[in-house]
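Below is one structure, written out as structure tokens; comments come after it.
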Amino acid sequence: MDSNNILLAFYGDDFTGSTDALDFMTRAGAKTALFIEPPTVEQLKNYPGLNAFGVAGKTRAMPPAEMEQTLLPAFEKLKATGVRHVHYKVCSTFDSSPVIGSIGKALDSGVTVFKNKCVPLLVAAPVLGRYCLFGNLFARMGIGSNGKIHRLDRHPSMSKHPVTPADESDLRLHLSKQTVKKTGLIDILAVSGSKETLGNEWAQVVEQGFDVALFDALYQEQLLAIGELIDEQANTGQLFSVGSSGIEMALGQYWNKTNVLQPVTDWKHPGKAEPLLVIAGSCSPIAAGQIVYAKTKGFEEILIDAPAVCNNDLQSLHAAINKAIDLLGKGKHVIIHTGGAGPQQAVNLPADKLGAALGNIAREAAARASLKRIVIAGGDTSSYAARAMGIEAVEMIAPLVPGAPLCKATAPGSPVNGLDVNFKGGQVGGENYFEVLANGSLN
């Protein structure tokens with residue numbers, strides 16, 4: 001294959017963010033593969049017909065120095081494929097801080113490799129309940145839910161995030177704490193205007209010496225014009241961009257309009273999972289509510305001692321797994337979790353240790369029980385869980401909830417190989433999320 005024909009490559013800062021981008025690229029009609037590690041040009045030849053590919057990273061849980069050590073070689077690999085667009089995919093709630101998951105450090109690393117004069121930054125994703133107005137980010141409580149919309153620094157969940165609490169809704173100010181690069185704004189009035197107005201605003205931001213151009217957006221339809229403008233910037237060479245899956249939505253809409261891609265509208269029903277295994281490391285109130293709801297629908301709950309599991313307490317691990325195997329063998333849906341956001345909430349634990357522990361539980365359960373589908377809940381821990389499960393790559397097979405596709409896992413040598421897997425961030429989905437995943441209800 002000629003990798004120069006690939007339209008877009010994205011590097012996700014965590015696993016759930018990466019499957020989110022996979023979702024929207026696949027829906028737009030792009031044959032897309034999501035890798036655990038950056039693929040080489042030779043590896044891509046094993047995936048003929050690709051229009052896009054992604055890398056499920058874990059930089060969201062890293063300090064800046066480690067991010068730089070990870071991203072510089074990763075971006076060089078992506079650059080070597082000759083792909084038209086390279087996107088650093090971040091959470092739509094812009095989860096980051098100067099000390100963990102710094103988006104500013106990712107920006108710096110991307111500019112070092114790709115030499116953009118100005119980096120497009122699009123965080124708004126209206127279909128996910130994420131809106132940017134005059135530089136300020138607003139987020140609905142939950143993704144794919146009917147929750148109320150809050151300014152980010154007043155968001156009941158994100159303002160209290162255990163690792164990266166949101167204390168500033170103006171994304172320009174938020175970024176200024178993470179990088180010396182200056183961020184200009186293409187505001188909602190320009191985005192709502194004509195193509196000429198939008199183009200002039202971009203030109204002004206560039207001429208004024210801004211390193212980054214932040215796009216406002218309120219309605220999904222506004223992403224089309226942004227996608228057209230961003231794609232035009234790639235006519236002179238590889239374009240590096242930063243943002244949520246709004247980037248994939250914007251470019252996908254434009255490529256659909258210009259018949260570069262044909263959107264996928266028909267999906268094969270994936271069938272029911274009888275039973276479903278859910279393993280949750282999220283402390284989000286949304287995830288906690290989903291667990292409470294699932295219990296009313298007959299899901300069985302197994303509460304694990306997270307600190308003990310993280311310290312590789314084999315007795316705690318085996319007790320949880322043995323109980324799960326017994327219940328799964330009786331056809332019961334099972335949720336193994338760390339206490340969610342309730343009174344038993346676990347202390348803040350390292351994402352790598354907790355994620356690896358949860359992944360090991362999933363892998364062992366898959367080895368000992370007859371499973372069709374596994375759900376891993378928790379954005380910060382999912383990347384580590386996926387690696388512990390032995391997953392090499394995933395491909396989307398069905399859209400069940402916006403931003404959290406059902407995928408088929410390729411995991412050579414692992415009992416997870418060939419299973420349906422779903423990775424969800426803490427903010428994703430309505431209260432019936434796990435019931436939807438159990439039934440395989442198409443979105």
> How many residues does the range 151-175 contain that are more than 18 Å from G425 (Cα to Cα) and touching a strand residue (DSSP E or B) at 6+ places or on another chain (Cβ under 7 Å)?
Replying inline: 6
> Wholly within the range 5-90, which helices (runs of 4 or more DSSP H) include no fewer than the required count, namely at least 1 residues that are over 20 Å from the mean Cα position of the chain (by Cα) and farther than 18 Å from A393 by Cα?
Replying inline: 64-80
> Of the residues V119, V127, V99, which is within 17 Å of D211 (Cβ to Cβ) and surrounded by fewer than 24 Cβ atoms within 10 Å (Cβ to Cβ)?
Replying inline: V119
>> Checking T179 against (1) modelled with pLDDT of 95 or more; (2) surrounded by fewer than 20 Cβ atoms within 10 Å (Cβ to Cβ); (3) in a loop (DSSP other than H, G, I, E, B), only one condition comes out false. Which one?
In response: (2)
> Restricting attention to the range 257-276, which residues are buried (at least 16 other Cβ atoms within 10 Å of the Cβ) and on the phi > 0 side of the Ramachandran plot?
Replying inline: none
>> Here is a list: G82, G17, G49, G54. Which entry is modelled with pLDDT under 95 and buried (at least 24 other Cβ atoms within 10 Å of the Cβ)?
In response: G17
> If we scan the range 389-409, do we find a residue that is more than 25 Å from I247 (Cα to Cα) and either polar (S, T, N, Q) or in a helix (DSSP H, G or I) (or both)?
Replying inline: no
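Quick grid of which residues meet (1) part of a loop (DSSP other than H, G, I, E, B); (2) in contact (Cβ under 8 Å) with a residue 24 or more places away in the chain:
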site: V127; (1), (2): no, yes
site: H150; (1), (2): no, no
site: P156; (1), (2): yes, yes
site: V163; (1), (2): yes, yes
>> Can you report the number of residues in the range 289-338 which are surrounded by 14 or more Cβ atoms within 10 Å (Cβ to Cβ), closer than 30 Å to P156 by Cα, touching a helix residue (DSSP H, G or I) at 6+ places or on another chain (Cβ under 7 Å) and not acidic (D, E)?
In response: 15
>> Just the residues that are of a type in the set (A, V, I, L, M, F, W, C) and without any contact (Cβ under 8 Å) to a residue 40 or more places away in the chain, please, taken from the range 245-291.
In response: none
>> I'm trying to understand the selection: among the residues of the range 410-443, which are in a helix (DSSP H, G or I), more than 20 Å from the chain's Cα centre (by Cα) and not charged (D, E, K, R)?
In response: A438, N439
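The values are calculated or read from the model by the stated rules, or taken from the named source; none is laboratory data. Source: prediction; values computed, not measured. Glycine also receives a Cβ, built like all others from the backbone with ideal geometry; neighbour counts cover every protein chain displayed.
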